[in-house]
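Have a look at the structure below before the remarks.
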Amino acid sequence: MTSEPLFASGKTSVNGKGLSLVPKTDVKQSLKDFKSDQEVRWCPGCGDYAILAAVQSFLPELGLKRENIVFVSGIGCSSRFPYYLNTYGFHSIHGRAPAIATGLAASRPDLSVWVITGDGDALSIGGNHLIHALRRNVNLNILLFNNRIYGLTKGQYSPTSEVGKITKSTPMGSLDKPFNPISLAIGAEASFVARTIDSDRKHLQSVLREATAHRGTSLVEIYQNCNIFNDNAFEQLKDPEVRDDITVRLEHGQPIVSASKAVVRAANGGIEVVARDSVGDDQILVHDAHNPDPSVAFALSRLDEPAFEHVPIGIFRQVARPAYDTLMAEQLDEAAARTGAGDLSELLLGGDTWRIS
Amino acid sequence: MTKQVQQLDRVIIRFAGDSGDGMQLTGDRFTAGTAEFGNDLSTLPNFPAEIRAPAGTLPGVSSFQLHFADHDILTPGDAPNVLVAMNPAALKANLGDLPRGADIIANTDEFTKRNLQKVGYATSPLEDDSLSEWRVHAVPLTSLTVKALEDFDLSKKDAERSKNMFALGLLSWLYHRPTEHTIKFLEQKFAKKPDIAKANIAAFQAGWNYGETTEGFSVSYEVKPARLAPGVYRNISGNQALAYGLIAASVQSRLPLFLGSYPITPASDILHELSKHKRFGIRTFQAEDEIAGVGAALGAAFGGALGVTTTSGPGVALKAETVGLAVTTELPLIVVDVQRAGPSTGMPTKTEQTDLLMALFGRNGESPVPVVAPMSPSDCFDAAIEAARIAVKYRTPVMLLSDGYLANGSEPWRLPEISDLPDISQEFTTASNGEDGTFLPFKRDTETLARPWAIPGTPGLEHRIGGIEKADGTGNISYDPANHDLMVRTRAAKIAGIDVPDLEVDDPDGDARVLVIGWGSTYGPIAAAVRRIRKGGGKVAQTHLRHLNPLPANTGEILKRYDKVLLPEINLGQLALLLRARYLVDVISYNRVRGLPFKAEELAGVIQDVIDSDQ
């Protein structure tokens, strides 16, 4: 029975980190605890399987009460995700998951709320909700599965497809410049922005670890392979021959390098990629994800233009900023502290009244 | 000099001026004094959508009409007895509504050549004989105000600004309104600018004294307090009553209120009001758009809040998909539509009843939604609680159809006893309901057909819901044809089975052969028209729908009881379409879509015509 009034907000207004307001469990959990009884119905070979398995095996690590975890999704292949997790779940409508999750997380700081979305869902129809969720900094973990194609509607180009993409709806090639989700998120005042890859479970989970520890909105772009409509879109990042040269690992406090390349300050004030052996170690840019100034993080998000020559992977930006739900709860507390808890009779009698007898 | 005092049973005053002249404030203050005095009253503000249309022009005219009486009244009145015209535009825009013989108090200072030209007067109507059929009181309001304030250290412009208070003072004298209240109000409003407060008070008192001493006003009028039912009263607008109703619904349901909203005329005041009451644990979320407003409310409802979104017609159009999601996930949600003139942007500050069919049917698929419509400004309070009761009990979105007339209009409201408010709380589900401890999120209550409301944080009841069709019971994704048919019919049956009270008919002698039926905000004008007919010896029955879906069970039986059924609506016959289709009754529609409420006299004429045609 939880029908006690949920008015009490006092307990919620702490400057907690990550999931510190979400109740912990004493019971040891395993991957199995997070599998629902539903048959997983993605295409065989879909990158979503790897992400699902990574998330299911990561969740026990958080040690949260399972009933306090909610996955909210929009529409698209990735948005079926909540059905396969044995937590609370809400498969909503196209593009609106950030809005629905915002209402839930803003009113229930005791929940770990996740948004599962795709490039079409988050960046096309739901673009507005995404940017506003990011600037508000509600305590949400947004996982953006980017496969650079519309899968569920069978193969139209998406807002992250490269220019000239030949698809069913663009037989002569797509005309619109794609969004760069990381640049977009940084521009939208996001406090946590990261990129990872479906096939690299270890890296994916390390990013999730940081994302869940972050209080506020975290956006994690996950490169995800659609083997039906856009196969091998991220092949270079997986190909053992070239991946170590292409992948630029972002680790806070570490030099920004791949196996053969390094990122340095450019003469024009920006940053550039050079051969690693062409510069001394002291010239290589050291990654500062906590820098309040987003300009380097933004520059790093643009490093990979043209695409897939040197792709930064990891946490671009991770800065502390009060979470919206905390601020909201604090205002309720402050109002109650100033004038006392609400009294309906007093409210109605407020203003000018007169009595007729 | 002792002036004559004349007794009146009711008066209709209209204050009209430029948008910048403070007419809404003047009207508000006169209303407050009138309420304090104990008259029954009803108000109708009417203002342009533009914040400041060009000064002195017809589109810039803002007005406030107040009807007050020594008996209970139902409308803000058809035609003013007194027009206060602060400039030529205000006179020209309102003269057409003014019956012959009515008083006009005109601010002569503003009847300059330039201002007259702006509205197309070749000569001043105050000086030619075009106003000979009215009683014109030419008063230099502006210069009298400036003169009254010459001892104050104010610029001429600042002094002129107080002319509305001079007018208020004059009218307060003319109708014996108490003054203490307005003085106190001005002291509080300008607490941080004591000089301005003093100047406004001085202007107000100068206006009063002007009435007392000038020969231009030889008679003042007294309207005795009304004999209303005993109780404590306050004056309240529809939007404020609706906001209070939502707060009461939160308390009475023991659910925290979450409002997701996007600013839109004429609904924004509900957001403003609720955002003031955070100490009730109310979360107000100003969303990035209408869709996010309703989405956040639905998300909060999933988490166990009383989720509400407030908007007007264009916003409802945007929210439709999310309301459909609420229908199929069967979560409680209140969607407040303060209707305004449409289509599209329409006339944002003008009223209409044109969203009924959108509220009922404006979604994809078979998507039934209960609809509740308040019938007066104060009824918005009770209607909000009723909408919440249905939403929570049946786990369904509910449309609450207010409109611009109710939202901004005001009337005295007899405060309810808190102990008389209904307990609308429902228990969250906390225990499994299936075999072997499984939880079936779509296993229904056998009586209400409501599904369990198990909120996150409840152990053992983890489940997934969504917009895809759900298997009966388990809620798992299902494309089974028979299951879909069953779910569509079950959702429809749930809404059709909502317990709404029977319609009551007002027919004092029980022998009327004509029924007039309405819904929503037309109650006042219809009831006032019915009174007129009865006063003249005519027979007419009246009934009013508050629940538009489901309709009361006895609706068809009542409609069929009469020779003729008349249905006035501020649309082109939306409810009429519905009643005709559902009950095969030849409903006579009367429709006007002028952005204004009906007038009682107009409806009395229509009712009389129907009665006459029945002979």
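From the helices alone, meaning DSSP H stretches of at least four residues, give me the mean residue ellipticity at 222 nm for chain A, per-run term -39500 (n - 2.57), in deg cm²/dmol to the nearest 500.
The helix contribution divided over chain A gives -7500 deg cm²/dmol.
Given the C-alpha centroids of region B:98-173 and region A:242-292, what is the distance between them in whole angstrom?
The two parts, judged by their Cα centres, are 76 Å apart.
Note down the nm distance, to one decimal, between modelled labels 7 Å out along Cα→Cβ at residue A:166 and at residue A:278.
Output for this residue pair reads 3.5 nm.
Just for the Cα atoms in region B:328-459, what are the lengths along the principal axes, largest first, rounded to whole Å?
Its Cα atoms span 58, 41, 26 Å along the three principal axes.
When Lys and Arg each count +1 and Asp and Glu each count -1, what net charge do the other residues less than 13 Å away from residue B:156, Cβ to Cβ, add up to?
Once all neighbours under 13 Å are counted, the net charge is -1.
Please work out the FRET efficiency for the pair residue A:213 and residue B:431, using the Cβ-Cβ distance as r and a Förster radius of 25 Å; give the result to the nearest 0.05.
Given R0 = 25 Å and the Cβ-Cβ separation, E is 0.15.
Which net charge results when you count Lys and Arg as +1 and Asp and Glu as -1 among the other residues whose beta-carbon is under 14 Å from that of residue B:541?
After counting each charged neighbour, the total is -1.
Give the Cα extents of region B:4-223 along the principal axes, in whole Å, largest first.
44, 43, 38
From the square roots a ≥ b ≥ c of the eigenvalues of the alpha-carbon gyration tensor of region B:234-420, which class results: rounded (a/c under 1.5), prolate (a/b over b/c), or oblate?
It comes out rounded by the Cα gyration axes.
Out of region B:246-349, which GluC sites (Glu not before Pro) are coil in DSSP terms and have no more than 15 other C-beta atoms within 10 Å?
Here no GluC sites (Glu not before Pro) fit, given the DSSP loop and packing criteria.
By the scheme Lys and Arg +1, Asp and Glu -1, what is the net charge of all other residues having a beta-carbon under 11 Å from that of residue B:31?
Computed value for this residue: -2.
I'd like the accessible area for residue B:128: 1.4 Å probe, protein heavy atoms, all chains in place, Å² to the nearest 10.
60
Heavy atoms only, probe 1.4 Å: what % of the accessible area of region B:514-613 goes to carbon and sulfur, would you let me know?
That share works out to 51 percent.
Indicate the residues belonging to region B:262-305 that lose 50 Å² or more of solvent-accessible heavy-atom surface (probe 1.4 Å) upon moving from the chain alone to the assembly of all protein chains, ignoring ligands and nucleic acids.
Relative to the lone chain, where solvent access is computed with a 1.4 Å probe, region B:262-305 loses at least 50 Å² at B:278, B:279, B:280, B:283, B:285, B:288, B:291, B:302.
Identify the trypsin sites (Lys or Arg not before Pro) of region A:253-357 meeting these criteria: DSSP loop state and at most 15 other C-beta atoms within 10 Å of the C-beta.
When the trypsin sites (Lys or Arg not before Pro) of region A:253-357 are filtered for loop state and at most 15 Cβ neighbours within 10 Å, A:302 remain.
Anything losing 40 Å² or more of accessible area from the isolated chain to the full protein assembly: pick those residues out of region A:90-122, probe 1.4 Å, ligands and DNA/RNA ignored.
A:90, A:91, A:93, A:96, A:99, A:100, A:103, A:104, A:107, A:108
Does region B:514-613 come out rounded, prolate or oblate, given a ≥ b ≥ c as the square roots of the eigenvalues of its C-alpha gyration tensor, rounded meaning a/c under 1.5 and, failing that, prolate meaning a/b above b/c?
oblate
What lysines does residue B:224 reach when the alpha-carbon gap must be under 25 Å and sequence neighbours fewer than 8 apart in one chain are set aside?
B:3, B:184, B:535, B:599
Along region A:185-190, what does the Karplus equation 6.51 cos²θ - 1.76 cosθ + 1.60 (θ = phi - 60°) give for ³J(HN,Hα), rounded to whole Hz, x for Gly and Pro?
Computed from phi, the couplings for region A:185-190 are 5, 5, x, 8, 6, 4 Hz.
Gap in Å between the Cα centre of region A:55-70 and the Cα centre of region B:539-615?
58
Sort B:358, B:487 by heavy-atom solvent-accessible area, probe 1.4 angstrom, most to least.
B:358, B:487
Once amide H atoms are placed 1.01 Å from N in the peptide plane, what residues at a sequence separation of 5 or more from residue A:261, or on another chain, have their amide H within under 5 Å of its amide H?
A:276
Check which residues have an amide H placed less than 5 Å from residue B:396's amide H, if you skip close sequence neighbours.
Amide H neighbours of residue B:396: B:333.
Could you put B:86, A:172 in order of accessible surface area, largest first, with the 1.4 Å probe and the full protein assembly present?
The most accessible residue leads, giving A:172, B:86.
Compare each residue of region B:429-457 in its chain alone against the assembly with all protein chains, and report those whose accessible area goes down by 10 Å² or more; 1.4 Å probe, heavy atoms.
Checking the loss per residue gives B:430, B:455, B:456, B:457.
Which value, in Å² and to the nearest 10, is the accessible area of residue A:226 when all protein chains are kept and the probe is 1.4 Å?
10
Are there trypsin sites (Lys or Arg not before Pro) in region B:220-261 that DSSP marks as loop and that have at most 16 other Cβ atoms within 10 Å, and which are they?
Passing both the DSSP loop test and the Cβ count: B:227.
Of all the accessible heavy-atom surface of region B:4-223, with the other protein chains kept in place and a 1.4 Å probe, what percent is carbon and sulfur?
Of all accessible area on region B:4-223, carbon and sulfur atoms account for 49 percent.
Note the angle between two axes, namely the Cα long axis of helix A:201-213 and the longest principal axis of the Cα atoms of chain A, as a number of degrees from 0 to 90, rounded to the nearest 10.
30
Taking H as built 1.01 Å from N, whose amide H comes closer than 5 Å to the amide H of residue A:271, not counting residues under 5 places away?
A:266
Answer rounded, prolate or oblate for region B:412-514, using the Cα gyration tensor with square roots of eigenvalues a ≥ b ≥ c: rounded when a/c is under 1.5, else prolate when a/b is larger than b/c, else oblate.
oblate
Ordering B:350, B:276, B:539, A:35 by accessible area with a probe of 1.4 Å, largest first, what comes out?
B:276, A:35, B:539, B:350
Quick check: the distance between the Cα centres of region B:379-450 and region B:463-530, to the nearest angstrom?
Here the two parts' Cα centres lie 14 Å apart.
Output the 0 to 90 degree angle, nearest 10, between the alpha-carbon long axis of helix A:324-339 and the longest principal axis computed from the alpha carbons of chain A.
It is inclined by approximately 20 degrees.
If you look at just the Cα atoms of the protein assembly as shown, how large are its Rg and its Dmax in Å?
32.7, 108
How big is the A/B interface in buried accessible area, both sides summed, 1.4 Å probe, to the nearest 100 Å²?
When A and B are taken together, about 6200 Å² of accessible area is lost.
Express the accessible area of chain B per residue in Å², computed with a 1.4 Å probe while the remaining protein chains stay in the model.
Averaged over the residues of chain B, the accessible area is 38 Å².
Angle, helix A:97-107 long axis vs. longest principal axis of chain A, Cα atoms, 0 to 90°, nearest 10?
Taking Cα atoms only, the helix is inclined about 40 degrees.
Calculate what fraction, in whole %, of the accessible area of region A:219-324 sits on carbon and sulfur atoms when a 1.4 Å probe is rolled over the protein chains.
48
The values are calculated or read from the model by the stated rules, or taken from the named source; none is laboratory data. Bear in mind that the values here come from a model prediction, so they are computed numbers and not experimental data. Glycine also receives a Cβ, built like all others from the backbone with ideal geometry; neighbour counts cover every protein chain displayed. These accessible areas exclude ligands, DNA and RNA; they are computed on the full protein's heavy atoms, side chains included. Shrake-Rupley method; radii C 1.70, N 1.55, O 1.52, S 1.80 Å.
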